[in-house]
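All remarks here apply to the structure that follows.
The values are calculated or read from the model by the stated rules, or taken from the named source; none is laboratory data. Since the structure is predicted, the reported quantities are computational estimates derived from the model, not experimental observations. All Cβ positions, even for glycine, are placed from backbone atoms using ideal geometry, and neighbour counts span all protein chains on display. Areas reflect the complete protein model, heavy atoms only, side chains present, ligands, DNA and RNA absent. Shrake-Rupley method; radii C 1.70, N 1.55, O 1.52, S 1.80 Å.
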Amino acid sequence: MSLYTRLMGQLQKTDLLILDDWGMQKMTAPQRQDLMEVIEDRHGRGSTLIASQLPIEHWHDYIGAATVADAILDRLLHSAHRLTLRGESMRKSTAPQAAEVDPS
């Protein structure tokens, strides 16, 4: 059994799959096919959490290949619970203030 086959099997069986920073770069054809396979295998079997700064209305363009994007998004969004967060980034609000540098 190949490493790829084992990994796909593990992703299918995982109770919660988290896709963080979704939409940072447009997907390539192999990435689309892999994602489609993962989502298809997991559909109705496990939860998938997607964290993204990319608004959902741009996901279709991010995925590319209209037919594949339609299939992926149909499976992802059909029974999804959506949480839209507003406000400043927690990283900004909890980051220590930058130390002022003395120019002398």
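Is it fair to say Trp22 is part of a loop (DSSP other than H, G, I, E, B), modelled with pLDDT of 90 or more and of a type in the set (A, V, I, L, M, F, W, C)? So Trp22 passes the test. Only helices (runs of 4 or more DSSP H) whose full extent lies in segment 33-99 are considered here, and the ones with at least 2 residues that are under 15 Å from the mean Cα position of the chain (by Cα) are 59-63, 66-77. Return a yes/no flag: does segment 39-49 have any residue that is open to solvent by 60 Å² or more (accessible area, probe 1.4 Å) and more than 13 Å from Arg75 (Cβ to Cβ). Within segment 39-49 (the criterion being open to solvent by 60 Å² or more (accessible area, probe 1.4 Å) and more than 13 Å from Arg75 (Cβ to Cβ)), the answer is yes, since at least one residue qualifies.
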